[in-house]
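All of the numbers you see were taken from the coordinates with simple rules; none came from a lab. All values reported here derive from a predicted model rather than from experimental measurement. All Cβ positions, glycine included, derive from the backbone under ideal geometry; neighbour counts span all protein chains shown.
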Amino acid sequence: MPETLVALYIFVLSCFIGYWVIWGVTPSLHTPLIALTNAISGIVIVGALLVTGLEGVGTTAEIIGFFAVLLASINVFGGFLVTNRMLAMFNKKKK
Amino acid sequence: MMEISVNAQAIAYLVSAILFILALKGLTHPASAQRGNYLAMAGMVIAIVATLMGSEVRSYGFILAGVAVGGVIGTVIAMRIQMTAMPQLVAALHSFVGMAAVLVAIGTFLNKQADGLLNSVLMGELSAGIIIGAITFSGSVIAFGKLQGMISGRPVKFKGQHLLNALLAIATIGFAVHFALTESTVSLTIMTLLAFTLGFTLIIPIGGADMPVIVSMLNSYSGWAAAATGFTLQNNLLIIVGALVGFSGAILSLIMCRAMNRSIFNVVFGGFGTAGVEGDSAADDAMQKGVKSAAIEDAIYWMEDANKVIIIPGYGMAVAQAQHSMKELMEQLEARGVEVKFAIHPVAGRMPGHMNVLLAEADIPYENVVEMDEINPEFATADVALVVGANDVVNPAAKDDPTSPIYGMPVLDAGKAHHVFVIKRSMRPGYSGVENRLYYQDNTSLIFGDAKDVSEGMVNQLKGSAH
């Protein structure tokens, strides 16, 4: 099976996982859900690392990659920390 | 750095993907949610470390610089941001994912071109990544501007809008096809610019109150952008995560649309209603329209001896930052033996779950915060319904007036409480531009003023009176 087709298999099956998992999320946590998915979509940082770190990468690609790493890092750090801040508020001890 | 094999890297990615899925699963309940977030963090660390240790990454200078600068910016923003500004922050972060996806795709193009590894399938995938990423970016920038109040929140409509968008979309795809077939850098550039424009023209017509749908939709796009990047790089982790995020946003959009009884098509292309003109004097206006206005004392009179008070927060509470005085009000009433609950409509505020976060910030236990379907039967037994800066979501016309534009939208049955008090700044109708029939009911009184001032006034009164 060609690799693109394998990728398609993975994509479609992951969509099903996403569908089932997300319907279970409680509505009161929809904002943290958006913040968390936002943080994990910072996974494009992996792509940014691969572009920037390539052996013998051209200067243009390296600079483009640098900005991609930077933006994705803002997402990863900002997204996870703000999610954590929000969830900590939901988790406070009841009186 | 120690190097790991391709297989070890693939296993690490698998572990990371599982952690992300478990993280989302953690959001099923507030008690397990924070652990979920830690799992996701672990997944991200594993993914990044495995990538850096792989054989493909050879130079680290720019990477370290990028992570350091981005990490500091992200951390500072996350620590300083006010909870009321969460919708804007999320929109900004979506735009970063979109832009990062565009940059990764262009960088990949340059790298593969230099190595002579381009082919049509790859260029097609690259184009998809760039187009989705660019639309996510410019769309989120507009959403940010609207949420931040930098751009008018009103729907911006002009003639031929749909035609323009359709032409832009067709042209974008046309240039993408040309690029994939010919490797033309000119087509790549034009396609990219057109996609940025399309994100702009798609989101600009949408009004502020439809933002819960738009924020969810852009959330979804940012996922699809990551998935497209995964296809380009043949990286399964990106594909899995992209699909999860994409579906998450899509489902949220669907939930929001249902809560407004509108199709996603209608939200995106409809441009619903225009905001009314602000009246001169709220109280005068009210007199003319035949509604009762009440003083804080009147509300307190009914609330302090009540058995049950249901508070309905809306966007007005967020704007006025009144969540903390809501908490004080709740405590004062509870000290008098009053049961206090908060009723949440799914589209209250500017993003899904917006009200819940603000109430949690104010330390209001989530047991007291109840979703629409669960709370609706309780209004009939409530002594007082206190509406704080909400409007269309309590309009009974949605239930019994088939001529109303919002007919069919599920609403909170606030009007069924014995007494209804509405804290409101003016008689301005809600975003739908529809008059709220609730205000003219015999059991309804309006308290004019800023949500925070009024609720603080209530708290002070309660503190003043002995019990």
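Please quote Rg/Rh for the range B:1-80 to two decimal places, taking the Kirkwood radius as Rh and restricting both calculations to Cα atoms.
Looking at the range B:1-80, the ratio lands at 1.06.
Using only the C-alpha atoms of the range B:325-459, find the volume of their convex hull and express it per residue in Å³.
109 Å³
Just grab the label-to-label distance for B:H162 and B:A65, each label 7 Å out from Cα along the Cβ direction, in nm (one decimal).
Between B:H162 and B:A65, the label points sit 4.9 nm apart.
Grab the DSSP H runs of chain B that are 4 residues or longer, score each as -39,500 (n - 2.57), total them, divide by all residues and round the 222 nm result to the nearest 500 deg cm²/dmol.
Calculated from helices alone, the mean residue ellipticity at 222 nm is -20000 deg cm²/dmol.
To the nearest 0.05, how large is the calculated FRET efficiency for B:Q234 and B:K399 if R₀ is 60 Å and r is the Cβ-Cβ distance?
0.70
Separation between the B:L254 and B:L181 pseudo-spin-labels, each 7 Å from Cα along Cα→Cβ, expressed in nm?
3.6 nm
Please go through the residue pairs B:K399/B:K452; A:K92/B:K463; B:K292/B:K452; B:K292/B:K416; B:K157/B:K452 and name each one whose alpha carbons sit more than 24 Å apart in this structure.
Pairs exceeding the cut-off: B:K399/B:K452; A:K92/B:K463; B:K157/B:K452.
Just name one of B:P410, A:G24, B:A17: the one whose Cα is farthest towards the positive end of the charge dipole of the protein assembly as shown (beta-carbon charges, Lys/Arg +1, Asp/Glu -1).
With unit charges placed on the Cβ atoms, the residue in question is B:A17.
Please compute the contact order of the range B:87-156 in relative form: average sequence separation of alpha-carbon pairs under 8 Å and at least six residues apart, divided by the residue count, as a percent.
Once divided by the residue count of the range B:87-156, the mean separation gives 51 percent.
What number in nm² do you get for chain B if you take the convex hull of its Cα atoms and divide its surface by four?
24.5 nm²
For peptide B:54-61, how many partner chain Cβ atoms fall within 10 Å of a residue's Cβ, on average?
Per residue, the number of nearby Cβ atoms from other chains is 5 on average.
Which value, in debye to the nearest 20, gives the size of the charge dipole of the protein assembly as shown about its Cα centre, when Lys and Arg are +1 and Asp and Glu are -1 at the Cβ?
It comes to approximately 420 debye.
Can you give me the Cα centroid spacing of the range B:439-467 and the range B:216-255 in angstrom?
With the range B:439-467 and the range B:216-255 each reduced to a Cα centre, they are spaced 45 Å.
Calculate the tail of P(r) for the range B:108-234: the fraction of all Cα-Cα distances greater than 21 Å, expressed in %.
In whole percent, the long-distance tail amounts to 43.
Size of the dipole of chain B about the Cα centre, Lys and Arg at +1 and Asp and Glu at -1 on the beta carbon, nothing else charged, in debye to 20?
Taking the Cα centre of chain B as origin, the dipole is about 1160 debye.
So the label point goes 7 Å from the Cα of B:Y301 along Cα→C-beta, right? Which residues of the range B:385-406 then have their backbone N under 19 Å from it?
Output list for this probe position: B:385-387.
Compute the Rg to Rh ratio over the protein assembly as shown from the alpha carbon atoms, using the Kirkwood formula for Rh, and round to two decimal places.
Reported Rg/Rh (Cα atoms, Kirkwood Rh): 1.02.
Once R0 is set to 25 Å, what does the formula 1/(1 + (r/R0)^6) return for the Cβ-Cβ distance between B:D453 and B:E371, expressed as a FRET efficiency to the nearest 0.05?
Rounded to the nearest 0.05, the efficiency is 0.30.
In chain B, with Lys and Arg counted as +1 and Asp and Glu as -1 at Cβ, which of these residues, B:M427, B:N391, B:T75, has the Cα nearest the positive end of the dipole, that is, farthest along it?
Farthest towards the positive end: B:T75.
In whole angstrom, note down how far apart the Cα centers of the range B:378-438 and the range B:1-67 are.
47 Å
What is the ratio of the Cα radius of gyration of chain A to 2.2 N^0.38 Å, with N the residue count, to two decimals?
Computed over Cα atoms of chain A, the ratio equals 1.44.
What order do you get for B:M458, B:M317, B:M53 when you list them from fewest to most C-beta neighbours inside 10 Å?
In order of increasing Cβ crowding within 10 Å: B:M53, B:M458, B:M317.
Which peptide among A:49-56, B:439-446 comes first, and what is the full order, when sorted by highest mean count of other Cβ atoms within 10 Å?
Final packing ranking: A:49-56, B:439-446.
Send over the per residue convex hull volume for the range B:278-404, Cα only, as a whole number of Å³.
138 Å³
At what distance in angstrom do the alpha carbon centres of the range B:106-141 and the range B:160-190 lie from each other?
The two parts, judged by their Cα centres, are 13 Å apart.
If you take the alpha carbon radius of gyration of the range A:33-88 and divide it by 2.2 N^0.38 Å, what ratio comes out, to two decimals?
So the Cα radius of gyration is 1.31 times the expected 2.2 N^0.38 Å.
In what order do B:L237, B:L122 fall by count of nearby beta-carbon atoms within 10 Å, going from fewest to most?
Ascending number of Cβ neighbours within 10 Å: B:L122, B:L237.
Given just the C-alpha atoms of the range B:1-157, how large is their convex hull per residue in cubic angstrom?
It is 178 Å³ per residue.
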